[in-house]
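Visitor: Pasting in a structure now, in structure tokens, and then I'll have a few things to ask.
What follows draws every value from the coordinates through simple rules; no lab data is involved. Just so we're clear, the structure is a prediction, and the values are computed from it rather than from any experiment. Here Cβ is always computed from backbone atoms with ideal geometry, including for glycine, and neighbour counts include all displayed protein chains.
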Amino acid sequence: MLFDTHAHLNAVQFDEDREEVIQRALDEGVSHIVVVGFDRETIKGALDLAEGYDFIYAAVGWHPVDAIDMAEQDLKWIEELASHPKVVALGEMGLDYHWDKSPKDIQMEVFRKQIRLAKKVDLPIVIHNREATEDVVRILEEENAEEVGGIMHCYSGSLEIAKKCMDMNFYISFGGPVTFKNAKKPKEVAAEIPMDRILIETDCPFLSPHPLRGKRNESSYVKYIAAQIAELKGMSVEEIAEKTSDNAFRLFGINR
């Protein structure tokens, strides 16, 4: 059974057929899904789904692109939600230097506050990193994020940085890009790092895997990521599904 560790089934792209998308995931062997909320609206949507389906869990946090919109009461709200029985992680959080909506200093401040909150409530964190690797790693080190660990979501960095992150108690999660024909770096990292540190995800509705690039992504497509990693590791898809699911259960503290 497959575990999609990062999905946005709360996104508007699924408003017309959300139930069918979830059923397709089940039909394709997906046993568990973590839906990520990263602002006021999507956090509510993630909780609604987690409360509505036994096999869906939620991660709640604040996205770096929207850091400028985060108020003190939002952080308090996330702290309250951390005790919800279906909330298994805080995030996604981190830094995003691709878009310029939120100034870097505000992104860093919001990132640090969320790491400190995660340590307070003892939940792992889900890291969003876009064009900000050096600062992300530095802040994780400075804030002693290894105390809670977490996930480097949709990892696209180097093997060297992946090793640094694993040393800080982080799992490396692969999504659609690892299946792209020209994705040399993610393939190299997935082939080299130990199986007990790998997770798989879709990040749906974004980043559809090959051969579905350009279409709306969905949780059932996590099977393509599992198949690609199986090929890179010289293992069966069933072994990859089992080991990555074990990793996810362990990280999120979910009983099988």
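Visitor: Working out 0.36 nm times the residue gap between LEU26 and MET1, then minus their Cα-Cα distance, what length gain in nm do you get to one decimal?
Guide: Computed gain between LEU26 and MET1 is 8.1 nm.
Visitor: Regarding the range 179-218, what's the average projected area of the Cα-atom convex hull, expressed in nm²?
Guide: Projected over every direction and averaged, the Cα hull of the range 179-218 covers 3.1 nm².
Visitor: What does the charge count near MET195 come to, summing +1 for each Lys or Arg and -1 for each Asp or Glu among other residues with Cβ under 12 Å from its Cβ?
Guide: -2
Visitor: Fewest first, what order do TYR57, TYR155 take by the number of other Cβ atoms within 10 Å?
Guide: In order of increasing Cβ crowding within 10 Å: TYR57, TYR155.
Visitor: For the range 144-185, report the % of Cα-Cα distances exceeding 17 Å.
Guide: The share of Cα pairs beyond 17 Å in the range 144-185 comes to 32 percent.
Visitor: So, one more: Which of ILE161, ILE127 has the fewest other C-beta atoms within 10 Å, and how do the rest follow up to the most?
Guide: Final ranking by Cβ density, sparse to dense: ILE161, ILE127.
Visitor: Ok, one more. Towards the positive end of the charge dipole of the range 2-252, with charges on Cβ (+1 Lys, Arg; -1 Asp, Glu), say which of SER158, TYR97, ASN247 has the farthest Cα.
Guide: After comparing all options, I get SER158.
Visitor: Per the Kirkwood definition applied to all pairs of different Cα atoms, how many angstroms is the hydrodynamic radius of the range 1-57?
Guide: 11.3
Visitor: Moving on to the next point. Can you report the principal axis dimensions of the chain using only the alpha carbons, biggest first, rounded to whole angstrom?
Guide: Principal extents (Cα only, largest first): 46, 40, 35 Å.
Visitor: Please list, in order along the range 67-74, the HN-Hα scalar couplings obtained from phi with the Karplus expression 6.51 cos²θ - 1.76 cosθ + 1.60 (θ = phi - 60°), rounded to whole Hz, x for Gly and Pro.
Guide: Result, rounded to whole Hz: 4, 5, 8, 7, 9, 4, 5, 5.
Visitor: Exceeding 27 Å between C-alpha atoms, which entries from my cross-link table qualify? They are LYS101/LYS223; LYS181/LYS233; LYS119/LYS164.
Guide: LYS101/LYS223
Visitor: Rounded to two decimals, what is Rg over Rh for the range 67-153 when you use alpha-carbon atoms and the Kirkwood radius?
Guide: 0.94
Visitor: Here's a follow-up. Grab the Cα-Cα distance for ARG112 and GLU160, subtract it from 0.36 nm times how many residues apart they are, and report the gain in nm with one decimal.
Guide: The span from ARG112 to GLU160 would gain 14.9 nm if fully extended.
Visitor: By a straight-distance test (C-alpha under 16 Å), which aspartates and glutamates pair with LYS86 as possible cross-link partners, with residues fewer than eight away in the same chain excluded?
Guide: The reachable aspartates and glutamates, counting only those whose Cα sits under 16 Å from LYS86, are ASP4, ASP48, GLU51, ASP54, ASP122.
Visitor: Where does each of GLU28, GLU16 land when they are ranked from fewest to most other beta-carbon atoms within 10 angstrom?
Guide: By the 10 Å Cβ count, ascending: GLU16, GLU28.
Visitor: Please turn the phi angles of the range 125-142 into ³J(HN,Hα) values with the Karplus equation 6.51 cos²θ - 1.76 cosθ + 1.60 (θ = phi - 60°), one per residue in order, whole Hz, x for glycine and proline.
Guide: After applying 6.51 cos²θ - 1.76 cosθ + 1.60, I find 10, 10, 9, 9, 9, 10, 6, 9, 4, 4, 5, 4, 5, 4, 5, 4, 5, 5 Hz.
Visitor: Report the trypsin sites (Lys or Arg not before Pro) located in the range 146-201 that are in a DSSP loop and have at most 10 other Cβ atoms inside 10 Å of their Cβ, or state none.
Guide: Passing both the DSSP loop test and the Cβ count: LYS181.
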